[in-house]
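What follows is a set of notes on a single structure, which appears directly below.
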Amino acid sequence: MTNPFFEDWAAPFGAPPLDRIRPAHFAPAYDRALVEHAAEIAAIAENRASPDFDNVVLALETSGRMLTRVEGVFSNLTSAATSEALQAIELEMAPRLSAHWSAIFMHPVLFARLDGLYQKRATLGLDTESLRVLERYRLDFVRAGAQLKGDGCGRLAAIAQRLAVLGTQFCQNVLGDEEHWVLPLTEAQMAGVPAAMREAAAAKAAELKVEAPFAITLSRSSAEPFLQFANDRALREQVYRAWTSRGDNGNARDNNAIITEMLALRAERAALLGYENFAAFKLADTMAGTPAKARALLEEVWAPARQRALEERDALQELITRQGGNFRLAPWDWRYYAEKLRQEKYDFDAQQLQPYFQLSNLIEAAFFTAQKLFGLSFLERHDIPVYHPDVRVWEVRREGAVIGLFYGDYFARGGKQGGAWMSSFRDQHRLDGAVLPIIVNNCNFNKSQPCLLSFDDAVTLFHEMGHALHGLLSQVRFPRLSGTNVAHDFVELPSQLFEHWLEEPAVLERFARHHLTGEPIPAHLLQKLLSTRNYGQGFATVEFLASALVDMDFHTVDWTQLAPGSNPKTAQDNTLARIGMPPEIGPRHGAPHFTHVFGGDGYAAGYYAYLWSEVLDADGFKAFKDSGDPFDPATAQRLHDFVYSAGGTRDFAAAYRAFRGRDPHIEALLEGRGLLAPAA
């Protein structure tokens with residue numbers, strides 16, 4: 001069998017031949033890649049020459065290229081276009097890959113060579129970036145258990161393998177619950193749902209071949225709009241309960257036992273490495289530094305957010321009563337009546353916006369913003385292979401030179417995880433010539449013709465584009481420091497900051513145009529949009545903070561001491577009771593489908609990072625506002641130099657100070673969310 005992974009890739013810019021790669025190619029590719037990488041690592045460890053930067057650190061950076069190539073394709077396909085065959089390979093490879101990396105990070109001779117360099121780093125004459133990559137590699141090894149002795153090494157490796165399997169199973173279970181639930185609906189049952197969403201629901205019904213004109217699924221882009229607009233309260237409750245029960249249905253896909261085991265293993269891992277709990281371990285290598293500092297930020301915002309949410313609740317209950325409703329506000333009512341109250345209070349109907357938010361125009365708006373800030377241009381290519389017909393590819397240029405490829409995969413479909421994310425097929429580096437990044441954005445918008453977005457959808461598109469720019473604009477030497485390889489509470493800064501430009505009149509007036517007439521969004525509608533930007537922020541902030549505080553509590557409890565069968569839902573409920581969670585609001589992510597936290601270690605004990613980064617992004621955008629120009633060239637240049645292009649080449653607090661000229665102030669976040677107390 002001809003295997004594309006064993007060939008030079010001939011597509012433009014060395015893009016992967018996604019049209020030719022099949023599930024059967026991965027097993028032999030992984031087999032060869034793991035053997036090659038293990039041999040390269042052995043050669044580095046067994047090198048008889050005295051350790052130096054080139055034969056240790058540089059050699060580590062250039063090793064495993066076949067594995068990097070295979071992993072880049074496989075991880076993208078399993079998240080955006082998976083299948084039973086790919087899921088089987090994913091479960092098989094999870095423990096093998098974990099064992100492979102544990103063997104590297106716990107290799108005593110290899111670590112001795114690396115640690116020897118680190119101990120004399122001040123005498124090596126290294127430039128700043130080389131010193132940084134040496135320090136980061138040494139820290140990677142230490143945090144992976146390189147300094148453990150005896151039985152601790154084997155136990156830590158076993159924990160890592162088991163966690164890799166559990167995280168994979170968790171994600172597959174959530175996706176399985178999402179794809180096995182569908183609600184067929186009649187014309188009458190869709191009453192209140194806007195035309196664009198009805199079209200998407202009709203298309204979904206046709207795709208799934210249900211015996212009804214419309215269908216709702218548990219994709220966020222399907223469920224949330226239904227909860228916001230559907231008149232039928234009983235159906236809203238049915239959708240809400242199904243949506244919040246993903247991974248929690250007592251079936252073969254139930255995630256509660258997985259969560260309990262993962263939490264116990266994470267606690268044991270942290271203890272082996274000398275930390276009080278998993279959160280302390282995880283946050284030691286972040287801007288926050290400690291769980292106490294992260295929790296302090298969450299709780300500082302919780303009090304004003306909860307107060308605002310209670311005021312919003314009372315206003316919604318009053319509206320229900322005025323309309324003759326004889327029931328208490330419930331979680332499946334909140335979005336519906338919040339929309340009704342917005343229409344009444346501001347004479348503003350969110351449905352009025354959708355004709356002006358066409359996906360193709362919003363993509364161009366994001367490109368326009370990138371051009372104004374960073375001088376980028378985007379040229380669509382139709383000669384680069386993709387893994388699905390919906391995927392689009394652009395060549396990205398700056399000052400006439402190609403700096404990378406950008407793939408946009410915007411629509412929800414079967415085999416694709418929910419949510420939105422940025423990933424890559426290849427990261428930028430300059431180890432042996434300029435290696436261009438190949439960056440991917442994934443969203444889950446309802447596919448229709450034309451594709452019309454809600455304002456929140458448009459924010460999501462800009463958010464992911466901010467991540468994409470972080471990868472595309474990277475200008476570093478070492479892959480270990482490239483693009484988004486930064487602390488979790490810094491990585492959301494480029495994405496959340498980029499969201500702000502969507503609300504700029506210069507962007508909206510140019511790209512928010514009616515999909516039929518081409519007319520720009522009317523001034524009065526634009527003003528209403530901007531004047532209501534803080535509407536509902538109590539709800540939005542509380543549902544986020546609840547999930548972040550649950551995550552932090554989960555990972556500061558010693559789960560190794562709890563009785564077998566301890567229930568994560570009970571632990572979640574205990575946290576919600578402690579913080580005074582309004583019962584009319586559910587956490588944004590219930591534990592059994594909290595893939596940020598249990599789909600791997602990425603955001604475990606780290607969901608707070610979105611709020612930490614929001615302190616940075618709100619304060620950072622104020623720098624543009626203070627300049628009087630949202631595209632101020634000097635401010636944009638500093639943003640480029642110290643944030644978007646710098647990767648992990650410097651301390652992240654120092655990087656922010658270099659951009660902003662000072663440390664961030666939380667007031668900009670509170671003001672941006674409308675939570676700042678009025679002056680006395």
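The values are calculated or read from the model by the stated rules, or taken from the named source; none is laboratory data. Bear in mind that the values here come from a model prediction, so they are computed numbers and not experimental data. Here Cβ is always computed from backbone atoms with ideal geometry, including for glycine, and neighbour counts include all displayed protein chains.
A few points about this structure:
- Screening HIS515 against (1) more than 26 Å from PRO304 (Cα to Cα); (2) crowded, with 22+ Cβ neighbours inside 10 Å leaves a single unmet condition, (2).
- A residue that is within 19 Å of the chain's Cα centre (by Cα), under 30 Å from ALA223 (Cα atoms), at pLDDT 95 or above and surrounded by 22 or more Cβ atoms within 10 Å (Cβ to Cβ) cannot be found anywhere in segment 430-438.
- Residue list for segment 200-220, restricted to those being buried (at least 19 other Cβ atoms within 10 Å of the Cβ) and within 26 Å of GLY536 (Cβ to Cβ): ALA200, ALA201, ILE216, THR217, LEU218, SER219
- Number of the exception - LEU379 against (1) surrounded by 16 or more Cβ atoms within 10 Å (Cβ to Cβ); (2) outside any helix (DSSP H, G or I): (1)
- For segment 24-45, the tally of residues that are closer than 15 Å to GLU90 by Cβ and surrounded by 19 or more Cβ atoms within 10 Å (Cβ to Cβ) stands at 4.
- For segment 441-472, the candidate set comprises residues that are of a type in the set (Gly, Ala, Ser) and at pLDDT below 95; within that set, the residue that is farthest from VAL643 (Cα to Cα) is SER448.
- Residue count, segment 132-173 (criterion: modelled with pLDDT of 95 or more, farther than 30 Å from GLU90 by Cβ and surrounded by fewer than 16 Cβ atoms within 10 Å (Cβ to Cβ)): 1
- Residue within segment 594-609 that is modelled with pLDDT of 95 or more and under 19 Å from PRO304 (Cβ atoms) present: yes
- Test: SER423 is among the hydroxyl-bearing types (Ser, Thr, Tyr), within 28 Å of GLU90 (Cα to Cα) and within 20 Å of the chain's Cα centre (by Cα): yes
- Here GLU499, GLU492 are screened, and the one residue that is out of contact with any Lys or Arg (no Cβ under 8 Å at 6 or more places or on another chain) and closer than 30 Å to LEU316 by Cα is GLU499.
- Checking ARG236, ARG241 one by one, the residue that is in a helix (DSSP H, G or I), at pLDDT 95 or above, surrounded by fewer than 17 Cβ atoms within 10 Å (Cβ to Cβ) and of a type in the set (D, E, K, R) is ARG241 and no other.
- Exactly one residue out of GLY72, GLY125 is at positive phi and either over 22 Å from the mean Cα position of the chain (by Cα) or touching a residue at least 60 places away in the same chain (Cβ under 8 Å) (or both): that is GLY125.
- Any hit, segment 414-421, residues being surrounded by fewer than 23 Cβ atoms within 10 Å (Cβ to Cβ) and assigned to a strand (DSSP E or B): yes
- Looking across segment 638-680 at every residue that is outside any helix (DSSP H, G or I) and either of a type in the set (A, V, I, L, M) or not assigned by TED's automatic domain parsing to the domain that holds MET465 (or both), the one that is farthest from MET287 (Cα to Cα) is identified as ALA680.
- In the set PHE281, PHE214, only one residue is within 24 Å of the chain's Cα centre (by Cα) and at pLDDT 95 or above; that residue is PHE281.
- Counting only residues that are within 25 Å of the chain's Cα centre (by Cα), surrounded by 16 or more Cβ atoms within 10 Å (Cβ to Cβ) and hydroxyl-bearing (Ser, Thr, Tyr), segment 317-373 holds 1 of them.
- Which listed residue is part of a helix (DSSP H, G or I), under 27 Å from the mean Cα position of the chain (by Cα) and surrounded by fewer than 18 Cβ atoms within 10 Å (Cβ to Cβ), from ALA257, ALA223, ALA270: ALA257
- Taken over segment 71-93, the criterion of being over 24 Å from ARG413 (Cα atoms) and crowded, with 21+ Cβ neighbours inside 10 Å is satisfied by MET93 alone.
- Contacts under 8 angstrom Cβ, first residue in segment 15-44 being of a type in the set (Lys, Arg), partner modelled with pLDDT of 95 or more, 6 or more apart: ARG20/PRO4; ARG20/PRO385; ARG32/PHE5; ARG32/PHE6; ARG32/MET66
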